[in-house]
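Novice: Starting off with a structure, shown below.
The values are calculated or read from the model by the stated rules, or taken from the named source; none is laboratory data. In this text, all values refer to a predicted model and were calculated from it rather than measured experimentally. Cβ placement follows ideal geometry from the backbone for every residue including glycine, while neighbour counts extend to all protein chains displayed. Surface accessibility is based on the protein's heavy atoms, side chains included, excluding ligands, DNA and RNA. Shrake-Rupley method; radii C 1.70, N 1.55, O 1.52, S 1.80 Å.
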Amino acid sequence: MSANVLFVVLALGMVLCVAGVLMWVLLRQRPVVTHASQAKANAKVYRDQIADLDREHESGHISDTEWQQSRDELSMRLLEDTSAQDDPVAKQEKPALWTAVLVAVALPLSAVGMYMWVGEPDALNPMAVQSNDKVDPTQLLQMAESLAQKLNDKPDNLQGWVMLGRTYRTLEKFDASVQAYDRALKLSADDDLKLERVEVLAMKSQGNFEGEPWNVIRDILQRDPQNYGALLMAGSASYSHEKFADALKYWQQARKPLAADNPDVPGLDEAIASVQQKLGMPAQVAKGPSAQMNAAQMPVAAPSANTSGAASTGLTVSGQVAIAEALKGKVKPSDVVFIYATPANGERMPLAIFKTTVAQLPLAFTLDDSTAMTPDRKLSGAGEVLVKVRVSKSGNAMPQSGDLAGTLGPVKVGAKGLKLEIKDQIP
């Protein structure tokens, strides 16, 4: 029995139980309290009082005169209150039939109506309760603006500034996010907050950790060589800059102390295997308390990216990139060309990226997991992507005025034969 059916059955059962109890109360026959029957009850009370009075007299607590006077008064009141006679047959109250019918019909209907009004009927639909990763940017922006106004009144709210920074990061308002983290760091010089801020700076630069991000990471590792977050980010930064040996060193260092049941172990093992593949190395046994696999069980890396798992299963995006005739006079053969894919939901952090030069154009390209910037964000995990190309005269990963660009999509992962053209100039 499904959870939805079970909920309906239990709710209906509870309503019927309540309705059944109410109907039993309304339909059962009960004797009616008449004047005569009440008189009997009063007589018993008076008799008990007379008996108590007699005991008081016998014990000597009251005089004969007081006893006689009180007894006469009680006897008179007894005669007055018991003058009515009981009916030959005790009256029975008629069952409240129509009231019972009304309750039996109205109670379930009112319960259902109340649930439809104040409850969540859509929750009974499995499709309605599926997680939705897409947050309404307008509502999120309103929440951020409201929080920012509150923080202006209470600027010492550390958690508020952190939340504001994370919200702006989700909205890809990276400058505002950095400013919020700066305010948080004035209240607490926490290394985890510094790393979150570094991540925003890298996202702003499309994965480029050069400059301040790397300086912050190195400073944290110098003070705390085993800082888990800094080691992970150092590995990701090295990986994105194609310094695979450094990435392997940082990730193995982060992996070493983890216990076997740590939830980060599978992802970190996969990242280590990926970078070992990049270096043409066989995957090694993990060193540490979580090591459970032997060398025979570990996958052996392929000699080249073309034989990667993503490529073999068709989880790639491929096609040809060329530059429009009208823009050929604005580039030099040595200009750097970035070909990359970003999620179709609007995130700007590339899932896969390929670097070449204008001299190689037109060029057949293939993007897959082997060209991922970081092993935890892969092309194979996306449904649809935007395929983009940009010519950078400075060679900087951060878009700049004057760069040439082109965009195609959204396209499904697995698309082939795409025609990507460099035809726009960034103002």
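Novice: List the residues, sorted by chain then number, that are 5 or more residues from Phe354 or on another chain and whose placed amide H is less than 5 Å from its amide H.
Specialist: Long-range HN contacts for Phe354: Ile339, Tyr340.
Novice: Go ahead and run the numbers for FRET between Gln222 and Leu12, Cβ-Cβ distance against an R0 of 60 Å, rounding to 0.05.
Specialist: Result of the calculation: an efficiency of 0.35.
Novice: Here's something else I'd like to know. Counting only protein heavy atoms and using a 1.4 Å probe, what share of the accessible area of the range 206-282 belongs to carbon plus sulfur, as a whole percent?
Specialist: 51 percent
Novice: When the Karplus curve 6.51 cos²θ - 1.76 cosθ + 1.60 is applied with θ = phi - 60°, which whole-Hz ³J(HN,Hα) does each residue of the range 199-205 get, with x for Gly and Pro?
Specialist: Along the range 199-205, the couplings run 4, 5, 4, 5, 5, 4, 9 Hz.
Novice: Hey, if we sort Lys330, Lys204 by accessible area with the 1.4 Å probe, largest down, what's the order?
Specialist: Ranked from most to least accessible, the order is Lys330, Lys204.
Novice: From the phi angles alone, apply the Karplus equation (6.51, -1.76, 1.60; θ = phi - 60°) to the range 410-416 and give each ³J(HN,Hα) in whole Hz, x where the residue is Gly or Pro.
Specialist: Per-residue couplings from phi come out as x, 10, 6, 5, x, 5, 10 Hz.
Novice: Any idea how far apart Ala405 and Glu242 come out in nm if each label point goes 7 Å out from Cα toward Cβ?
Specialist: Reported label-point gap for Ala405 and Glu242 is 2.3 nm.
Novice: Is any residue of the range 198-240 close enough, with backbone N under 20 Å, to a label point placed 7 angstrom from the Cα of Asn262 along the Cα-Cβ axis, and if so, which?
Specialist: 217-218, 220-239
Novice: So, counting K/R as plus one and D/E as minus one, what does the shell of residues with Cβ under 11 Å around His57 add up to?
Specialist: Local charge sum for His57: -4.
Novice: Still on this structure: Mind listing the phi-derived Karplus ³J(HN,Hα) values for the range 159-176, rounded to whole Hz, using 6.51, -1.76 and 1.60 with θ = phi - 60°, and x for any glycine or proline?
Specialist: For the range 159-176, the Karplus curve yields 5, x, 5, 5, 4, 5, x, 5, 5, 5, 5, 4, 7, 6, 9, 5, 4, 5 Hz.
Novice: Relative to the present Cα-Cα distance, how much length would full extension add between Gln149 and Ser63 at 0.36 nm per residue of separation?
Specialist: Going from the current span to full extension adds 22.1 nm.
Novice: Holding the Cα-Cα limit at 23 Å, pick out from Lys186/Lys243; Lys388/Lys416; Lys332/Lys355 the pairs that are longer than that.
Specialist: Beyond 23 Å between Cα atoms: Lys186/Lys243.
Novice: Here's a follow-up. Counting only heavy atoms of protein chains, what accessible area per residue, in Å², does the range 133-281 have with a probe of 1.4 Å?
Specialist: 53 Å²
Novice: May I ask you to order 363-372, 138-147 by the average number of other C-beta atoms within 10 Å around their residues, highest value first?
Specialist: Values: 363-372: 21.3, 138-147: 13.4.
Per-residue Cβ counts within 10 Å, averaged per peptide and sorted highest first, yield 363-372, 138-147.
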